[in-house]
Structures are given as structure tokens and as C-alpha cells.
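First the structure, in the form of C-alpha cells, and then the observations on it.
Here, each number is a calculation from the coordinates, and none is a lab measurement. Keep in mind it's a predicted model, so treat the numbers as computed, not measured. Glycine also receives a Cβ, built like all others from the backbone with ideal geometry; neighbour counts cover every protein chain displayed.
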Amino acid sequence: MIRPCHLLLLALLASSCGERKKQESAAAPPEEKATRKERPASRKVGAEPDAKVALRESFDKALAEPASETRERALEQIAWDGIDVDPEVARKAFEELEPDSAASRRLVAHFAGRLADIDPNQAIEWANTLEQEQERAEAFGRIAVVISDTDPERGAGLLVAEMPAGITRDRAVVQVVQRWSQKAPSAAADWIAATPAGAARSAGLRSLVETWSRSDASGLAKWIEGRGDDDVKMESMLAVANSLRSEKKENRELRLADFHDPEIRRRIENLLAQSPP
């Protein structure tokens, strides 16, 4: 069965790739264009490019295989490669995959990221048409991460608004925080601290601590000391302790000195003395 929303995405990507090729050709220097024109043809006019021929042969071979994990892997690879080589074959290979399978979800995430690079708003509109819940989650997770490269606050908001709780969102949360903490660590810290307790918050805080301590260790210490919520403060101190374990003794002392509250410094030292979790 053809899934129209996926066909739409492939068409958009093919159109975008085609437009970029036109722009690159138009921008080529005159002498380069002339060289290309004078270059002898390597194949007959009208012949299929070798990559397309090979892709279609691979697709026919995969179709002849009985249903199996090997067949699924082959179809997934064809769909993945075909997005730039032959979008029509990519579409056909994608349609042969089991809906909402692991392979299908990986491809949806890949397609979503590609479209978000071109037009984030179009990517969001497309993701909203997806019928399978897990495919939709994968799409929004990838779109949020792409958006967070330039607008992490919007990417984070998309996670909250569009993704159900679960491992897919947890993974995306950490990736968004990683990007956000490079641009505005204090804002990223406030956001991750406000998320519900769980694996995503703990992992996000660990990532934040690693990034923020490299750019502004004193700012990180001040933020932790100013927390009124004991749970987040404890998770943050644990993240600091884990980060300090890989530091040389002199570096540990310098970073601990950034904490002016002796009680917090003592608690981090106690965590350092314990076995890592």
C-alpha cells in the first residue's frame, strides 16, 4: 500500500536535490562548463546511470527474497541510498517494509532530518500526517534535534508538545540539551531542570555539566548553588562528581573551588569518594 505522506516527502527531497544541482551547475565557472561539454561521453546517450541500474537490480533481488530479516535490511539500505540516486525506487523499497518496523522507523527519522534541513516548517507539517505513533515520534525527535542547531528553545518546545514520553523522546531531549548548552547553558539548565525526574533529565544534566564546566565552570557552580529543588541539585552534584573523576587532581581542586558553598563542596567530595554509579 502506498503511504502518500512518505511519497510526498520523497518528492520534496528529490525536488530539493534537483534544485541544488541546478544552482551548482549555474554557479560553475565558464571554463569548467566548457571542460564538461568537451569531455567525451562515458556511456550512450539515454543510458541509465550505473548507480540507478545497480540500485534497481538490488531492489529486484531483494523482492525475490522470502520475508526475512535479510530482506528487510536489504530494502532498508536501498531506500536509504535511493533518496539521492533514484527516489522512485526508494519509495518502492520503503513501501515494502513492514509499517512501524525498526527499519521503517529509522528511515522515517532519516527522511525527517533531511526535510528539516531543507524546510523545518514543512517537516513538521509532514510529521503530523504520519499515522504510526512510533514513526511519528521518531520523525518529531529528529526534526527537533535539527531545529535545535539554530533554535534550541523551539526544538525543546517541539519535544514537549509533540512527543509522547518514552525512550525516543528521552534520546531527543539529551541531544537537544547538548546543542542548547553550547549556546545558552543557563537557559538549557533551567529547561532540563523543569522536566520530570527520570532517565532523560539525569542524562540531560550529565551532558549539560560536561559542556558548561568547559565553557564556564563558575557559572555552573553558581547555578547549582542557587537551586531550590533538592532533587535537581543532587542530580547536578552527582553529574559534577562523575565529571571530576576523569580530571587530574589539580583540575579537580580548581573546579571544586568554584563552589563557594562549603556544604555543596563537601557533598560533591563525598560523592567523588564513592564508587561511580
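A few comments on the model shown:
- Under the combined filter of DSSP loop state and at most 14 neighbouring Cβ atoms within 10 Å, region 171-277 retains these trypsin sites (Lys or Arg not before Pro): 245, 248.
- Summed residue charge, Cβ within 13 Å of residue 165's Cβ, Lys/Arg positive, Asp/Glu negative: 0
- One decimal place: the segment residue 263-residue 249 gains 3.0 nm when fully extended, by the rule 0.36 nm per residue minus the C-alpha distance.
- Dipole moment magnitude, nearest 20 debye, region 130-186 about Cα centre, only Lys, Arg, Asp, Glu C-beta charged: 260
- The loop-placed GluC sites (Glu not before Pro) in region 72-131, going by DSSP, that have at most 12 neighbouring Cβ atoms within 10 Å of their Cβ come out as 131.
- Shape class of region 107-157 from the Cα gyration tensor (axes a ≥ b ≥ c, square roots of the eigenvalues): prolate, since a/c reaches 1.5 or more and a/b is larger than b/c.
- In terms of its C-alpha gyration tensor, region 105-241 has a prolate overall shape, because the principal axis ratio a/c (a ≥ b ≥ c, square roots of the eigenvalues) is not below 1.5 and a/b outweighs b/c.
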